[in-house]
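Encoded as structure tokens, the structure appears first; notes follow it.
The values are calculated or read from the model by the stated rules, or taken from the named source; none is laboratory data. Just so it is clear, the model here is predicted, and its values are computed rather than measured. Don't worry about glycine lacking a Cβ; one is built from the backbone with ideal geometry, like all the others, and counts go over all protein chains shown. These area figures cover heavy atoms from the full protein model, side chains too; ligands, DNA and RNA do not enter into them. Shrake-Rupley method; radii C 1.70, N 1.55, O 1.52, S 1.80 Å.
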Amino acid sequence: MISRAMVPTVLVCLSSALSAQRQATSLDADWRFIRSDVGLGATVDSRWQAVALPHTWNNLDGQNGTAADPGLVDGYYRGAAWYERQFQLPKEAAGRRVFVRFEAVSIVSDVYVNDRHVGQHRGAFAAFCFELTSFLRSDAANVIRVRADNSHFQDVPPLSADFTMGGGIYRPASLITTDAVCISPLDSASSGVYLTIKQLAAESAAIEVRTVVSNGLTTAANAQVEVEITDGGGQIVATGKRELPVAAGQTATVDQPVRIAHPHLWQGRKDPYLYTATVRLHREGRVVDAVTQPLGLRTIQIAPDRGVLLNDEPYPVHGVNRHQDRLNKGWALTPEDHGEDIRQILDLGCTGLRLAHYQQSGVVHDLCDRGGLLVWQEIPLVNSISGLPEFAANAKQQLTEMIKQGYNHPSLCFWGLFNELNATWAEPLGPAPDQLITELRKLAHQLDATRPTVAASWMREPSSLHELPDRISFNVYPGWYWGSPDDYEKLLPHLSEMMGGRRVGISEYGAGASILHHQEGVLTPPKSTGTRFHPEEWQAIVHERAWACAQNNPHLWGTFVWVMFDFASDKRDEGDAPGRNDKGLVTADRQVRKDAFFFYQANWTGEPMVYLASRRMTPRHLATTEVKVYSNCADVELMVNGASLGVVHPDAVKICRWPAVVLAPGVNRIETVGRRDGKEVRDQCAWTLEAAPAGSPP
Ligand code: GCB
């Protein structure tokens, strides 16, 4: 514990040379925090900790299993906590408007400034923004307090889910000061600028730029809205200017058409080319505000017969799911953490990404724009709904925030409406979700006519729910929760047939795996997936069979592995650690890539690679074993203890096998070399053959 006296209070000082335009100042440093519902009037004393954003209180208790915290209902603290911080406005801010923007606070947050309630936000995943102007003291330090509460709320999705619902101000926060007339930061905390591609052809692109302007004056204002589009090299390629009268205290919207000649398209991973759109607001002869947004020129569709069409061309979408979670950090991720995740996802060769099961950080969206990933982002409507009208209203609010805040990101291609919803299966049982989903789809289309809606279903039988999003997807786990990996072959055409021959997505598939657990010889599915033994080899088998059926499959429009990284789900108790879902291709600390990671890398990337599977299975007890290598090379050679066992060509899913390799007692040196186009790549490991433990089968 650090007492307040020990913490130097660093006041936010906005730049002394305030320009007329908006200023954003980070509020991330110098908060005090207490994990208790102490109330607004509580004195900040030695019980309060010094913390910085991003911050969560569940990074440790939310990942250690429920048994570690038997006193807590969910096994981790779900309740209210308080944050407090001081800031001072410089004289130059006088007469300007001041806003606070939180990029996310979980789940319900109440913001107070100088002991007055500024506003409440309900929902753990979207940004929100409040105007502080009338709450501030210009002559003294201002105090902001936030009560964040991650209890269960019957009106805020998700009602339940297989992940820890971390609490806290777990993304950055900032103060924004603007002129009295500004591009609105209050339109569902979006940028206030919406870029819509109206037409895209080789000769020209027609873009409509919608700008929302807020007038904080008590008199009418005459603003001019200027649009400037620059290309990747910073050259201006389109401009426009419009007059916009805004009544006193009101918000007005202007739509401006602009054209870009010979557009350079955003082409996914092939060429994620970005333009930049800048909107400037002029008043009384000066620029008073400006907002800059990414602009990627692309169209997106999911055709029932041809699958995903990016710019009218079929585009193979294969990728992974990702949670906003990391070992020992929970949801409080830095830009570097997000950066490393997306780098690993790109390294894997993904073309698609599903952000499960909620809106993720804007940092991630920027990285996906630049990396060329086609992203599915969804609202957290998981398992069941409640019949409360407030629940439906909140789901609509979260959808609105997700769409408005993500609108200009070309990588965001599919809006997800639900995950595994079913009134008859989920606990707690809820009412039939059909009406709500119908309303959500309508709302999504009203807000955004350019992107298809999607959803993930667990049901393999016909359901009215499957018809509600524009395109349905299925979460399927043959070889894990049910059946065998061989079931993929019949399952994929079955799902498409069930949907009248239309292509379907596979939004989740996979199996758990521990890098500490291994199975020699003939592999068998786990008797129960909820048990401790989750061999890495079985996960690889499930993915090998799944991908053998899924690649180039004419029944599918896209596939997403469950899941890229192991993640915290405190209620789980299986695999090698309680509190963890271990279906990741990479461990929760991002340090170890499991065998299945390299299986996909061999299939999805072009840079020559070889990888020796089961490298961690040592010591071993079977002298005669199959050796398996994943490689995208033309020829792959295996050497055991220096002797070549011959060259093999990878099969249709990039697997090379040497059956019946005989190991010597003690340490064996296993080496492989892949060759392609005059390039050589190598991998090696050491396996120790031990005598089988007494009593084990021959
Ligand atoms: C699912 C859910 C996902 C779970 C996953 C699993 O179908 O959509 O949230 O984490 O299965 O691992 O069981």
(message) Please go through the stretch 463-489 and give me each residue that is part of a loop (DSSP other than H, G, I, E, B) and more than 16 Å from the ligand (Cβ to nearest atom), ordered by number.
(response) 468, 470, 484
(message) Going by what's in this entry, would residue 175 be described as crowded, with 17+ Cβ neighbours inside 10 Å, part of a strand (DSSP E or B), out of contact with any Gly (no Cβ under 6 Å at 6 or more places or on another chain) and not assigned by TED's automatic domain parsing to the domain that holds residue 281?
(response) yes
(request) Any residue in the stretch 122-148 that's not assigned by TED's automatic domain parsing to the domain that holds residue 406: show its pairings with residues that are basic (Lys, Arg) at Cβ separation under 7 Å, as long as the two are six or more apart or on different chains. (result) 127/101; 129/101; 131/97; 133/97; 135/116; 144/85
(request) Of the conditions (1) in a loop (DSSP other than H, G, I, E, B); (2) touching a strand residue (DSSP E or B) at 6+ places or on another chain (Cβ under 8 Å); (3) away from the ligand (no atom under 15 Å from the Cβ), residue 563 clears all except one; give me its number. (result) (3)
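So that you can scan it fast, the table gives a plain yes or no per residue for (1) under 32 Å from the mean Cα position of the chain (by Cα); (2) of a type in the set (Lys, Arg); (3) surrounded by 21 or more Cβ atoms within 10 Å (Cβ to Cβ); (4) modelled with pLDDT of 95 or more:
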residue	(1), (2), (3), (4)
595	yes, no, yes, yes
605	yes, no, no, yes
623	no, no, no, yes
641	no, no, no, yes
644	no, no, no, yes
654	yes, yes, yes, yes
662	no, no, no, yes
(message) I want to confirm something. Restricting to the stretch 116-165 and keeping residues that are over 17 Å from residue 84 (Cα atoms) and of a type in the set (Phe, Trp, Tyr), which single residue is nearest to the ligand (Cβ to nearest atom)?
(response) 163
(message) Of everything in the stretch 178-215, what is in a loop (DSSP other than H, G, I, E, B) and either touching a helix residue (DSSP H, G or I) at 6+ places or on another chain (Cβ under 7 Å) or under 24 Å from residue 398 (Cα atoms) (or both)? Give them in sequence order.
(response) 184, 185, 186, 187, 188, 189, 190, 191, 192
(request) Of the numbered conditions (1) farther than 20 Å from residue 599 by Cβ; (2) assigned to a loop (DSSP other than H, G, I, E, B); (3) within 16 Å of the ligand (Cβ to nearest atom), residue 501 fails exactly one; give the number of that condition. (result) (3)
(request) State which residue pairs qualify: first residue over 25 Å from residue 411 (Cα atoms) and inside the stretch 452-471, second residue assigned to a loop (DSSP other than H, G, I, E, B) in any location, beta carbons under 6 Å apart, and separation of 6 or more residues or different chains. (result) 458/420
(request) Only residues that are surrounded by 22 or more Cβ atoms within 10 Å (Cβ to Cβ) and not hydrophobic (A, V, I, L, M, F, W, C): list them for the stretch 195-215, please. (result) 211, 214, 215
(request) Filter the strands (runs of 3 or more DSSP E) completely within the stretch 220-299 down to those with at least 1 residues that are open to solvent by 10 Å² or more (accessible area, probe 1.4 Å), under 18 Å from residue 204 (Cα atoms) and touching a Leu at 6+ places or on another chain (Cβ under 7 Å). (result) 275-283
(message) For the stretch 98-133, which positions are open to solvent by 20 Å² or more (accessible area, probe 1.4 Å) and farther than 15 Å from residue 145 by Cα?
(response) 103, 122, 133
